Each structure stands twice: as structure tokens, then as C-alpha cells.
Ligand SMILES: Cc1cc2nc3c(=O)[nH]c(=O)nc-3n(C[C@H](O)[C@H](O)[C@H](O)COP(=O)(O)OP(=O)(O)OC[C@H]3O[C@@H](n4cnc5c(N)ncnc54)[C@H](O)[C@@H]3O)c2cc1C
């Protein structure tokens, strides 16, 4: 049985950054990925400026399919567009973007085993055994970076409840770059009021649009009909190949560690429930988990109680932000005719919101800024003053 210091399961953004950080600190690190790399991952591919600030390497220019400087927001018959001078996000295709992150992990010394699926994990007294469809390995600790359908999480916490999950259905709609420019250019298109706890999106990409709808899982039973009606209304062809994927909602208190196991990224539920941004939290949690593992090696301490300092680090860095994002989400979807109406008709409200992806504001501050202004802005919207 081959032995490693740490085994990271899943080579998405969280696994790539976790494994890269472990290897960079001298740990003998195995990264297991069930797919061949590059692999398809359904995603809008918007990587915020704030997310990018957590990487210690630059982005390759040819991975940036578009840059995002603003948004057009729709709700019922209201529509508003705001753009900024500074970049809010880059738009990427996840197959190439994730492969680039993994290449950085491999450069740092990670042993990558792709097309190899972890099938079971057995924590033992002094090690943890990971069995795949090909081999058996052991290490002192496992980092579960295996996404929303994580098998590693089963050793740590209960499954996500349906109300903690979003369901997304999306397609890549081919278009010339001129058509993309004409439709939206360097901004994103967001449509509220289509689903419960979710939205429709049109993101510009290289020679295609990423178009999709998301909503709370229990309310998305007729998701394909919702999606087809959405793209039809926008004038896109309905002859498209759709893909569906779950997304966990962050902001809930969950266990993320057990003896010799740490969860990161979607496996830990670290996604902003309001926007569905997960890549940023995958980067941060991947790095924090690796730092915890390095510390565990120094003290030879891999119990849940030792690893739980990672949970506390996550909660102190971004847990409150996700909690307030969940509060804002509940508030906005409870009173859509106030909040989405404001967001789609008041430039200041939307422009202020951009401070979040820009990394200059947290949800708590945005809520504190917004709430006292609601009556005035609402009045201004209804009776232009
Ligand atoms: C439709 C949609 C749109 C989204 N749009 C955005 C967006 O625009 N911006 C943003 O920031 N976030 C977005 N997200 C969220 C984002 O995709 C996730 O938060 C992010 O991918 C989480 O990264 P991760 O590394 O934790 O998991 P993943 O990216 O899901 O990676 C998990 C990896 O583990 C592998 N794996 C799974 N099981 C095993 C196993 N048993 N053995 C080995 N390997 C395994 C998988 O193949 C996969 O490669 C979107 C999500 C969805 C569903």
C-alpha cells in the first residue's frame, strides 16, 4: 500500500489549492481526481476579483475569456445596467481554469492520479486508508475536496437537506464574439423573479454564452421547463444540450472535520448563497485546510478536536459573511417586490453591491447600508424625485 503524508480527494479549485499548499510546505501529497483532466464542470465561470486576490500566482491571459465590469439586472419589467471602471471578475471556462490550477499543484510537487475515483475511506488508529477503483493508499490525513456530492463528507456530517441545496440547469449557447459583444459585452446579465432563491443568468464567454437558471432544490421539479421558457424569452434557440448540477448553500453551521478528515470547498458547503460564488471560498478553505494539516504534522495531532481549529479559522475569515449572505437572501426572496425592484431600478443600490465581488465590502456592511435606505430609495423609485 503506497503511503503519503496527505491525500486530497477531488481536483477542483479547493483540492488544487489545498494540495498545492501542502506540497509547497514539503508534505508528500497525493491528489486523486475521478475524471481525466481537463474535466467538464458546470459553472458560470465568474471568478471575482476578490477570489483572485487569494491566489499566490497570476492568471494566464488566455484563460480569461471575458472580463466583467458590471451587470445588467432584470426583475419583472424593470431593468438596469451599471458598469464600473475597475474589473469585478474574470469569466473562464472551468475545464481549462481548473486544469491550470492543478498544473500549479503538480509544479509544487503534488502526485496527481487522474481518472481514479476514491471509493471508500477508513480512519484507523494511526492512519487513514483510502481505497480507489485502482489502488489502496494510506496517509495521516485526508482532505475531502470532492464537491457537493462528496463521499468524504459522509464520514463527517449528515447529508445536505434539500433546502440547503440549489439546483442549477444550464447550457453553453454558441455565438460569435460579435454577437456576445452586442448582447452584453463585458458585463453579466442577471434575471430575478424566475425561481425561488435563485436567478437566471447570461454570462459572456469566448464564442458562447453560459446561460442558466438556479433555484432552491425543492422548487425546481420542472427546471427544464423553467430553463426553456427563460432562453426562449431571451430569443436564444431552444435546441441546446443542458446540464444540471447541485450547489450547496453556505451560511449554515456544519461540521467540517472529523478524526483525520477535513472538508473544503463545496464538500464543506462553503458557497455564498446569494450569488452562488464558491470558487473564492474553495481557494480560502483549501489553503486554510492545508495550513492546518502542516500544523498537525508538527504536533502529530490529527484528532477532530485538533483539526477543528480549521473550522474556527474558516468561520472567523468568512463564516459571518456567508451567514449574512443567507440572511440577505432570505430577506430579498421574502420581499422580492421591494428588494429586487430596488436592485433592478436603482443604480446606487446595484453599484454599492459591486463592492462585494470587488472584495471591498462584506454582506453585513451592505445590509447595514441598504436597510435604512430602503424607504427613501423605494419612494424615489416609485415617484421619481
Ligand atoms: C451551475 C453552477 C454555476 C456556478 N457558477 C459559479 C460562478 O460563476 N462563480 C463561482 O465562484 N462559483 C460558481 N459556482 C460554484 C462553484 O462551481 C463551486 O463552488 C466550486 O466548483 C467548488 O470547488 P470545489 O473544488 O470545492 O468542488 P468542485 O469544483 O466540484 O470539484 C470537485 C472535484 O472532485 C472530483 N471528485 C468527486 N468525487 C470524487 C471521488 N470520489 N474521487 C475523486 N475525485 C472526485 C470531481 O470530479 C471534481 O473534479 C457554480 C456552481 C454551479 C453548479
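Some observations on this one:
- For the stretch 14-39, backbone nitrogen atoms closer than 16 Å to the point 7 Å from residue 115 Cα along Cα-to-C-beta are found at 32-39.
- The convex hull of the Cα atoms of the chain, projected and averaged over all directions, covers 18.6 nm².
- Two-site FRET efficiency, residue 131 against residue 320, from Cβ-Cβ distance with R₀ of 51 Å, rounded to 0.05: 0.85
- Gyration tensor (alpha-carbon) shape descriptor, the stretch 202-275, a/c threshold 1.5: prolate
- With each label modelled as a point 7 angstrom along the Cα→C-beta vector, the residue 3-residue 154 pair spans 2.8 nm.
- Per-pair calculated FRET efficiency, R0 = 25 Å: residue 239 and residue 77 via Cβ, rounded to 0.05: 0.35
- The stretch 172-213 - Kirkwood radius from inverse mean 1/r over Cα pairs (Å): 10.5 Å
- Stretchable slack from residue 379 to residue 253, in nm (0.36 nm times residue separation minus alpha-carbon distance): 41.6 nm
- For the stretch 263-385, the calculated P(r), taken from all Cα-Cα distances in 5 Å bins from zero up to the bin holding the longest distance, is 2, 10, 18, 19, 14, 11, 9, 7, 5, 3, 2, 1, 0, 0 percent.
- Linear extension gain, residue 365 paired with residue 221, 0.36 nm per residue minus alpha-carbon span: 48.3 nm
- Residue 28 versus residue 232: modelled label distance in nm, points set 7 Å from Cα along the beta carbon direction: 6.0 nm
- Beta bridges from DSSP with both residues in the chain: antiparallel share about 70 percent, rounded to the nearest 5.
- Pairwise FRET efficiency - residue 56 versus residue 179, Cβ, R0 = 51 Å, nearest 0.05: 0.90
- Across the chain, the mean sequence separation of Cα contacts (distance under 8 Å, 6 or more residues apart), normalised by length, yields a relative contact order of 21 percent.
- The Cα atoms of the stretch 334-382 cover 31, 19, 17 Å along the three principal axes, with the biggest extent listed first.
- Sum of -39500 (n - 2.57) over DSSP H runs of 4+, divided by residues of the chain (222 nm, nearest 500): -10000 deg cm²/dmol
- Cα gyration tensor shape of the stretch 181-320, rounded if a/c is under 1.5, else prolate or oblate by comparing a/b with b/c: prolate
- Among 161, 136, 122, the largest mean-square fluctuation in a Gaussian network model of the chain (Cα springs under 10 Å) belongs to 161.
Readers should treat all values here as calculations from the given coordinates under stated rules, not as data from a laboratory. None of these values were measured; they are calculated from a predicted model. Neighbour counts run over all protein chains shown; Cβ positions are idealised from the backbone, glycine included.
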